[in-house]
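The values are calculated or read from the model by the stated rules, or taken from the named source; none is laboratory data. Quick caveat: nothing in here was measured; it's all calculated off a predicted structure. Note: ideal-geometry Cβ built from the backbone for every residue, glycine included; neighbour counts use all protein chains shown. Ligands, DNA and RNA are stripped out before the accessible areas are found, and what is left, the full protein with its side chains, is counted by its heavy atoms. Shrake-Rupley method; radii C 1.70, N 1.55, O 1.52, S 1.80 Å.
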Amino acid sequence: MTDLTAPADPTAVNGTFPADDAAGQTLAAIAESEKISADEIALYDRQIRLWGVKAQEKIRTANILLVSIKGLANEIAKNLVLAGIGSITLADHENVTEDDLGAQFFISDADVGKNRAEAAAPQVQKLNPRVRVNVHTSPISAETEASFYSQFDVTIATDLDFGTTNTLNLCARLANRPFYAGASHGLYGYIFADLIKHKYVVEREMSNKTTQVGPESSTRSVLETSSKKENGKSVETVTKQEIYSPIMAIKDSPLPPEIAGNHRRLKKVHPLLTCVRALWEYQFQAHGVFPSHDPQQLQLFTMMATEKHKLHLLPSNTLTAEFLRSFLQNLGSELAPVTAFLGGQLAQDVINVLGQREQPIQNLMLFDGEESAGPVYALHPIFVDNPITALPSIPMPVEAISIDD
């Protein structure tokens, strides 16, 4: 194992980099190809050693669009800017309110009344002066041309209603650009990824089992494999490809066949999946952003959640009144530990996607802060070996849940 804390080779000539090991070769290659400064190499040294030259080159030239600068976006911006992306555009047309001060660390009391993106930008810039920080203060929903989104390598939408999220997703697809969406609701949250068609590389120690080129699952295929010797070990390099679906397609899509056809696994599906998709449906049908305390709205949301649960053949006893009440009580709030977890996960996935390294999120990750659970579900409208078709929504009498208990 290479000792990353060992001093540089004293025989190296001033102005050059020792290249007698893998890390030294990495630094020398960057210096030659990009002519970056010594202090920049020192700043990004650890991550260069972690994910390599090519990945860091892609990261340091990436342009990111981050929409709705609230608590979750604060965490995402922090992680991406510290990783050394090329530029980030903070898009938000709304002003800072007192409610924003709880889980958002780029703003202060003095920023109340200012545009959220403009208020956060100076603090984001201080994290890494090498990153270009831009702001977009007009409503992002007005940007419907693919040419606007094609200037960004990744679009990330946070804490938006389903309709706006869907519009941004479709625009990013038209521009052939990866898209992420995320939201935090108190103790709960989610990350959604639509990378359209994404190739990536996984390096792992060779096993006795030969990796076969071809489909691995309904969404993932192995394109090619190769091997090499590294530090006396045989290392396999596997190039894979994942196929994704837009968020509109997964709102009502079936569970993957390995879950849908297994009663034991159906019982373990987290009820948060039902609640998140019911919230999307509630917003899609223009009932509002969140249900209010009005009994009629609570009954409507409860009915939608119950129907969603039945639609996917999930056991009725796994969606309890207690969980529904907890979910409704948490809507619209921000908790710093939850936004920190979700923001770290989403930013790391973006970095992996930019560098085309490691398995990305496929395609919906949930987070339950009460249970510290983070299940991931691959949701798509059609699976090759899945005969399940969407069942009609059948209204059923349900008892309204009070969220004040």
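I want to confirm something. Restricting to the stretch 130-145 and keeping residues that are assigned to a helix (DSSP H, G or I) and among the aliphatic types (A, V, I, L, M), which single residue is modelled with the highest pLDDT?
Going through the qualifying residues, I end up with 140.
Cβ separations smaller than 7 Å between residues 6+ apart or across chains give the following pairs from the stretch 323-343 residues that are under 21 Å from residue 104 (Cα atoms) and open to solvent by less than 20 Å² (accessible area, probe 1.4 Å) to residues that are among the β-branched types (Val, Ile, Thr) and not in a helix (DSSP H, G or I): 342/191.
Within the stretch 146-167, identify whether any single residue is part of a helix (DSSP H, G or I) and out of contact with any helix residue (DSSP H, G or I) (no Cβ under 7 Å at 6 or more places or on another chain), and answer yes or no. Yes, because at least one residue in the stretch 146-167 is part of a helix (DSSP H, G or I) and out of contact with any helix residue (DSSP H, G or I) (no Cβ under 7 Å at 6 or more places or on another chain). May I ask you to list the residues in the stretch 184-217 that are without any contact (Cβ under 8 Å) to a residue 60 or more places away in the chain and under 15 Å from the mean Cα position of the chain (by Cα)? Result: 196, single match.
Evaluate the following for residue 134: is it open to solvent by 50 Å² or more (accessible area, probe 1.4 Å) and within 21 Å of residue 160 (Cβ to Cβ)? It is true that residue 134 is open to solvent by 50 Å² or more (accessible area, probe 1.4 Å) and within 21 Å of residue 160 (Cβ to Cβ). Restricting the stretch 292-322 to residues that are within 13 Å of residue 271 (Cβ to Cβ) and of a type in the set (Ser, Thr, Tyr), which is least open to solvent (accessible area, probe 1.4 Å)? Checked the stretch 292-322; the qualifying residue least open to solvent (accessible area, probe 1.4 Å) is 302. Residues in the stretch 256-277 that are assigned to a helix (DSSP H, G or I) and surrounded by 16 or more Cβ atoms within 10 Å (Cβ to Cβ): 257, 259, 260, 266, 271, 272, 273, 274, 275, 276, 277. From the residues in the stretch 81-117 that are among the polar types (S, T, N, Q) and farther than 20 Å from residue 335 by Cβ, which one is most open to solvent (accessible area, probe 1.4 Å)? By that ranking, first place goes to 95.
Right, residue 69: assigned to a loop (DSSP other than H, G, I, E, B), within 29 Å of the chain's Cα centre (by Cα) and modelled with pLDDT of 95 or more or not? Yes, satisfied.
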